[in-house]
Amino acid sequence: MMSDSISAQESVFQFPWSRAGERDTYQRAQHAALIAELQAARAREEAWLREKSDLFRRQDMLAQEFEHRLVNSLQIIVSLLSLQSRTAGPEAAAQLMVAANRVASFGRVHRRLHLLDHQESVEFKQYLQHLCEDLSGLLFQEENERSIAVEGATIDIPTVFAIPLGFIVNELITNSAKYARNNITVRLETTATIGHSLSVLDDGPGLPAGFDPAESKGLGMKIISSLVKQIGGKLQIVLGANGHGAAFTVTFCSPGLVTNGT
């Protein structure tokens, strides 16, 4: 009986290094399982990133196709309005040409703004100069003595501000060109107290006393007010120099602005 008891105890006894070996095997298995799980997660992430990249590429292609079709459609509209004006009466022809010029102006601005699609910021004074050259060539085709001057600070601004400001300048200059007798001035200024301001000045008859842009029923002023609100700016309209004409000023604060001088 004593011999059987000793034999049973020997059969269940394990040396310490045997138990350590089992723990090592278990830990290696856990480590291998963790590595496999991480590799699977990485593969899923890479597949998701490829899918996301493909989606962005398709969206970019669709956006480019849309831009191309929009530009072509605007050109067709301008051509149709111009052709229609040739067979219409004097008053209708004048209105048709106004509409054609507005559409053509929008197309030019749209192409100019399209250049900013893949930029985070733009040197705004230079951008305004190119934009105003497009507008001047469009609005003053038969008036060589008139021009649009751009003056003021040289600053870099984010494109999320530059695009709506470009549309604002387009609307204001298009409107000023109807009434101003001489040159139109676009002025870009920056101060530590007010922030940044963009002004369009002309020598036209000005606006009626007590004019409130918020109450205006004109489409152009509604567009301007909406764009000013979009950038968190403020629109101010006052008399021009020496009490002649009008000065439209948009004040705004843009984050990350870099001023290179005046």
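The values are calculated or read from the model by the stated rules, or taken from the named source; none is laboratory data. Just so we're clear, the structure is a prediction, and the values are computed from it rather than from any experiment. Methodologically, a virtual Cβ is constructed for each residue, glycine included, from the backbone with ideal geometry; neighbour enumeration extends over all protein chains shown. Only protein heavy atoms, including side chains, enter the accessible area calculation; ligands, DNA and RNA are left aside. Shrake-Rupley method; radii C 1.70, N 1.55, O 1.52, S 1.80 Å.
The figures follow:
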{"quantity": "Identity of the residue in the range 191-210, at pLDDT 80 or above and out of contact with any strand residue (DSSP E or B) (no Cβ under 7 Å at 6 or more places or on another chain), that ends up surrounded by the most Cβ atoms within 10 Å (Cβ to Cβ)", "calculated": "Asp203"}
{"quantity": "Residues that are of a type outside the set (Gly, Ala, Ser), farther than 15 Å from Phe167 by Cα and modelled with pLDDT under 90, drawn from the range 219-251", "calculated": "Gln236, Ile237, Val238, Leu239, Asn242, His244"}
{"quantity": "Those residues of the range 44-96 which are open to solvent by 70 Å² or more (accessible area, probe 1.4 Å) and under 25 Å from Phe140 (Cβ atoms), in sequence order", "calculated": "Gln75, Ile76, Ile77, Leu80, Leu83, Gln84, Arg86, Pro90, Glu91, Gln95"}
{"quantity": "Number of positions in the range 100-118 that are part of a helix (DSSP H, G or I) and open to solvent by 40 Å² or more (accessible area, probe 1.4 Å)", "calculated": "7"}
{"quantity": "Qualifying residues in the range 167-190 (those that are out of contact with any strand residue (DSSP E or B) (no Cβ under 7 Å at 6 or more places or on another chain) and crowded, with 22+ Cβ neighbours inside 10 Å) - the one farthest from Gln126 (Cα to Cα)", "calculated": "Glu171"}
